[in-house]
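J.: First the structure, then my questions, so here it is.
The values are calculated or read from the model by the stated rules, or taken from the named source; none is laboratory data. Note that the coordinates shown come from a computational prediction; the quantities given were computed from them, not determined experimentally. Counting neighbours? That spans all protein chains shown, and the Cβs are built from the backbone with ideal geometry, glycine included.
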Amino acid sequence: MPVITHGGVSILNAIPLGLGSSCAVDISVEVEASFGQQKPGSALLDTITRHFSELSGRDVSVKVRSDLPPGGGLKSSSAVAAGAVKALAEITGLEVDIPVLAARLSMEAGVSFTGALDDVAASLYGGISVCDNTRMKILKKEPFPDGYSFVLLPRGPRRDFDPSLLRRRWPAFKSISTLLYTGNYIEAMSRNGLTVSQALGYETDLLLKALELGAKASGVSGNGPSLFALVKEGDEGPILDLFSQLGAPIARRTV
């Protein structure tokens, strides 16, 4: 049976502070593991399968089916890493810390600056995660509030960007991080998403328009280029119309 993980949306980008938070969204990734040599191609899957082959003494491989655009900011790499590590741990019988190992191997493969433990945890467990990516610690896990859905504009892969553009805005992200400790995740999500948009040059005017149309939060997820808006269930229509100016938006519930 395949392991199923999920994509997600950023609540706090982890690059500036090492502290990160994400929530899971109902876009699935399926990973199936087997014994046999992995076909080369993906740096992430090559790194993960090589690690388990070395530990177990047997060649292992994985197959992935994903509805997420790679490199789009909707946590595709973290979902794949989480699913692959869990699936390989199951077939090899190795006892590993699945989210931490997935995060560490993501950094080793060069697909994440921080390991994105928050993204991995949300992908595995659903709901909201808050993590210290520097110390590789999961600080909080809790369900997302009921009654909301996301309008997403999946795009990718992202263009190259300079992470210092986010790090130099660390005071803004520090201010946003205080909202995580009071449980004000929706405000944190919106402030983070707009700050990332401004720092990296995405469509901030359109995201502000989404708020005018009734979205409770809007912004750029991850490091882009995918956009999101959080709305009350049933209020997706105006935001779907707005985002359709730039592509093919979709509506998804939280997980």
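J.: Is at least one residue of region 109-121 over 17 Å from L12 (Cβ atoms) and assigned to a helix (DSSP H, G or I)?
T.: Scanning region 109-121, I find at least one residue that is over 17 Å from L12 (Cβ atoms) and assigned to a helix (DSSP H, G or I), so the answer is yes.
J.: Tell me, which residue of region 63-76 that is surrounded by fewer than 24 Cβ atoms within 10 Å (Cβ to Cβ), of a type outside the set (D, E, K, R) and outside any loop (DSSP other than H, G, I, E, B) is farthest from the chain's Cα centre (by Cα)?
T.: So, considering only residues that are surrounded by fewer than 24 Cβ atoms within 10 Å (Cβ to Cβ), of a type outside the set (D, E, K, R) and outside any loop (DSSP other than H, G, I, E, B), the one farthest from the chain's Cα centre (by Cα) is V64.
J.: Ok, one more. Taking interchain pairs and intrachain pairs at least six residues apart, which have beta carbon atoms under 6 angstrom, with the first residue in region 152-173 and outside the structural domain of I27 (by TED's automatic domain parsing) and the second loosely packed, with under 14 Cβ neighbours inside 10 Å and assigned to a strand (DSSP E or B)?
T.: Filtered contacts from region 152-173: no entries.
J.: Residues in region 169-185 that are among the basic types (K, R) and either loosely packed, with under 12 Cβ neighbours inside 10 Å or at pLDDT below 95 (or both): how many?
T.: Count: 0.
J.: Are there any pairs, at least 6 apart or on different chains, whose C-beta atoms fall under 9 Å, with the first in region 87-111 and at pLDDT below 95 and the second part of a helix (DSSP H, G or I) and among the small types (G, A, S), and if so, which?
T.: Listed by first residue and then by second, the contacts come to G110/A43; V111/A43; V111/S77; V111/S78; V111/A81.
J.: Also: Do you know which of the residues in region 231-247 that are of a type in the set (D, E, K, R) and without any contact (Cβ under 8 Å) to a residue 40 or more places away in the chain is surrounded by the fewest Cβ atoms within 10 Å (Cβ to Cβ)?
T.: By that ranking, first place goes to D241.
J.: Right, here's the next one. Being surrounded by fewer than 22 Cβ atoms within 10 Å (Cβ to Cβ), out of contact with any Gly (no Cβ under 7 Å at 6 or more places or on another chain) and either in the same structural domain as K174 (by TED's automatic domain parsing) or not polar (S, T, N, Q) (or both): is that true of V111 here?
T.: Yes: the conditions hold for V111.
J.: With the requirement that a residue be in contact (Cβ under 8 Å) with a residue 60 or more places away in the chain and either aliphatic (A, V, I, L, M) or outside the structural domain of L124 (by TED's automatic domain parsing) (or both), what does region 37-55 give you?
T.: A43, L44, I48
J.: What's the total number of residues in region 1-40 that are surrounded by fewer than 24 Cβ atoms within 10 Å (Cβ to Cβ), out of contact with any Asp or Glu (no Cβ under 8 Å at 6 or more places or on another chain) and in a strand (DSSP E or B)?
T.: The number of residues fulfilling the criteria is 4.
J.: Can you find even one residue in region 128-136 that is at pLDDT 95 or above and part of a helix (DSSP H, G or I)?
T.: No, region 128-136 contains no residue that is at pLDDT 95 or above and part of a helix (DSSP H, G or I).
J.: Right, here's the next one. Does any residue of region 20-36 turn out to be farther than 30 Å from S218 by Cα and free of Cβ contacts under 8 Å to residues at least 40 places away in the same chain?
T.: So far as region 20-36 goes, yes, one or more of its residues are farther than 30 Å from S218 by Cα and free of Cβ contacts under 8 Å to residues at least 40 places away in the same chain.
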